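Reviewing the structure listed below.
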Amino acid sequence: MYYKRIIDQYLSEWAARSTHKPVLLRGARQVGKSTAVRHLGEQFKYFVEINLEKQQDYQALFQKDLDVKRIVPQMAAMHGTPIIPGETLLFIDEIQECQEAIMALRYFKEDMPELHVVVAGSLLEFVLDDIPTFGVGRIHSMYMYPMTFDEFLLANGERLLMEARNQASPR
């Protein structure tokens, strides 16, 4: 069961645009980043999720060069799912495991701007400072927070309680 989150609206708005910067989804561990992206993936014809920690073979794709027009078809072949701009959401999780993959994000914007790309990583904050080249202006960073009280109320079917609280005054 999926619980609606505030980030869903921002991700949907991003996905509706005709061209996109790759999204770098940041946030603490276990706040639901991967789950929110999988939920977004339901809006697409194809969804490709690659976890660079679990599926280390994919890291080799970024070692030769950062040519995303070469990398993307190879990812599709390895995953067995088409990666088609406008039809596929490409989700690269645990991207901090491969600094070259992080550096390649800028080229997704430059060379494949119609492709929907979201990346996340549970320990991403620790490696961003060590990256020599980062796509400033070519990557859209979003931050996901732990579940808010309003999200909790909605997840538990307490819309009326939330509305009553919103109408309450200090008196």
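The values are calculated or read from the model by the stated rules, or taken from the named source; none is laboratory data. No experiment lies behind these values; they were computed from the predicted model shown. Methodologically, a virtual Cβ is constructed for each residue, glycine included, from the backbone with ideal geometry; neighbour enumeration extends over all protein chains shown. Heavy atoms of the whole protein, side chains included, go into the accessibility calculation; ligands, DNA and RNA do not. Shrake-Rupley method; radii C 1.70, N 1.55, O 1.52, S 1.80 Å.
So the values come out like this:
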item: Relative contact order (%) - the chain, alpha-carbon pairs under 8 angstrom, separation at least six; result: 33
item: Among [x] 51, 39, 28; [y] 65, 35, 29; [z] 71, 49, 27, the entry derived from the coordinates for Cα extents along the principal axes in Å; result: [y]
item: Charged-residue dipole, Cβ positions (Lys, Arg, Asp, Glu), the chain about Cα centre, Debye nearest 20; result: 440
item: Accessible surface of the range 2-96, 1.4 Å probe, proportion on carbon and sulfur as whole %; result: 47
item: In the range 40-80, trypsin sites (Lys or Arg not before Pro) in a DSSP loop with at most 12 other beta-carbon atoms within 10 Å; result: K45, K54, K64
item: In Å², nearest 10: area of E114 left accessible to a 1.4 Å probe; result: 90
item: Degrees, to the nearest 10: 7-16 long Cα axis against longest axis of the chain; result: 50
item: Per residue accessible area of the range 1-104, 1.4 Å probe, in Å²; result: 50
item: CD proxy at 222 nm, helix term only [per DSSP H run n ≥ 4: -39500 (n - 2.57); per residue of the chain; nearest 500]; result: -10500 deg cm²/dmol
